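> I have a structure I would like to understand better, so I am pasting it below and will then ask my questions one at a time.
The values are calculated or read from the model by the stated rules, or taken from the named source; none is laboratory data. A quick note: this is a predicted structure, and the numbers were derived from the prediction, not measured. All Cβ positions, glycine included, derive from the backbone under ideal geometry; neighbour counts span all protein chains shown. Remember, those area values only see protein heavy atoms, side chains included, never the ligands or the DNA or RNA. Shrake-Rupley method; radii C 1.70, N 1.55, O 1.52, S 1.80 Å.
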Amino acid sequence: MPEIRYRLVNVFAETPFGGNPLAVIEDGSMLSDVEMQLIARQFNLSETTFLLPSSRAAARIRIFTPTYEMAFAGHPTLGSAYVVSALLGVGESFALEMEAGVIPVHMQNGHWLLKANLPTYRPFEASVHEIAAMLSLPVEAISDEAMWVNCGTEQPMIPLVSAEYVQAARPNPVLISKYSTNCNGQAKTYIFARTAQGFESRYFWMTDATSISEDPGTGSACANLGGWWLKTQGGETLHAEIRQGTLINRPNLLTLDVENENIQVGGQVIEIGAGVLRW
């Protein structure tokens, strides 16, 4: 009977049951791709990660949603960093290998941080009127140029005028699919607005042809927000708090630092449980 140990952690958490949950399989080296996908479906969290040996970094990380594998995601990277540090004794500054590349991570002031890849960009083809309709908002809610940004996972960055408009947005699934589908065929959108401390944000993706889900805390999108900042604000330094998950009663606090083209995303990781899978 196979026996696999796992840990449950909450990432970007200010309290034990806040943040974005993640299951981390401590040793995925004996698992097939099919088994990894089945385990991710069993946990039914937004992502489950699997730790594997690496010749290039402290560990190799594979990231699965309940339905597909991802090249990169923020909260799985930080949650896995916490487990790798505790499990392998590699200290508080190392790198993790994943499909998107080798990602440096480190601990600072009780938070785990990752250094994102340099961003790439492409235009967001929808007009301001089409974006507003997609979000069920008035045209005046859209504050600046929307664009696709990719620091490991391509996502659309859509800036809004205020946090109130961020909270008022009601994405239309038909229009999300029409206007906001990335290069991998995944329909998703990220909206944000400036606040006194940084940004208020929300992230949505299509789970099927008609249904939209909202993510409580999205580190990859936070990294892409850093890419958007680089593109639109030039060399201006940014040190910001990103609030997400407010409306779904799962508050997340992310940090975003952009300086000299370096993008760092961080947050607190809280372990809430561990166990064994047997089948």
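> Going by the alpha-carbon gyration tensor, a ≥ b ≥ c the square roots of its eigenvalues, is segment 1-122 rounded (a/c under 1.5) or, if a/c is not under 1.5, prolate (a/b greater than b/c) versus oblate?
Rounded shape, in that the Cα axes give a/c under 1.5.
> So for segment 72-189, taking the charge dipole from beta-carbon charges (+1 Lys/Arg, -1 Asp/Glu), which of A95, I131, V149 sits furthest toward the positive end?
Looking along the dipole axis, the top candidate is A95.
> Right, something else. Just to confirm a number: summing +1 for Lys and Arg and -1 for Asp and Glu over residues other than E164 whose beta-carbon lies under 15 angstrom from that of E164, what do you get?
+2
> OK, next. From Cα coordinates alone, what are the radius of gyration and Dmax values for the chain in angstrom?
18.1, 60
> Roll a 1.4 Å probe over the protein chains and send me the accessible area per residue for the chain in Å².
With all protein chains present, the chain gives 43 Å² per residue.
> Let me ask another. First select every other residue whose beta carbon is under 12 angstrom from the beta carbon of R250; then total the charges, Lys and Arg +1, Asp and Glu -1.
Around R250, the surrounding residues sum to -1.
> Simple spin-label model, 7 Å along Cα-to-Cβ: L38 to L87 in nm?
If labels sit at L38 and L87, their model points lie 2.0 nm apart.
> Here is a follow-up. By how many degrees, between 0 and 90 and to the nearest 10, does the Cα long axis of helix 74-88 differ from the longest principal axis of the chain?
20
> When the distances between all Cα atoms of segment 121-279 are binned every 10 Å from zero, what whole-number percent does each bin get?
Whole-percent P(r) values from 0 Å outward: 11, 41, 34, 11, 3, 0.
> Quote to one decimal, in nm, the extra length available between V161 and S127 on full extension: 0.36 nm per residue of separation minus the C-alpha distance between them.
Extra length available between V161 and S127 comes to 10.6 nm.
> Using a probe of 1.4 angstrom, how much of the accessible area of the chain is carbon and sulfur, in percent?
Carbon-and-sulfur percentage of accessible area, whole number: 50.
> What residues have an amide H closer than 5 Å to that of A187, excluding those fewer than 5 places away on the same chain, when H is modeled at 1.01 Å from N in the peptide plane?
Under 5 Å from the amide H of A187 lie the amide H atoms of N182, M206, each far enough along the sequence or on another chain.
> Provide the net charge surrounding I63, with neighbours chosen by a C-beta distance below 10 Å and charges set as Lys +1, Arg +1, Asp -1, Glu -1.
-2
> Heads up, I need the accessible area for T15: 1.4 angstrom probe, whole protein in place, Å², nearest 10.
It works out to around 70 Å².
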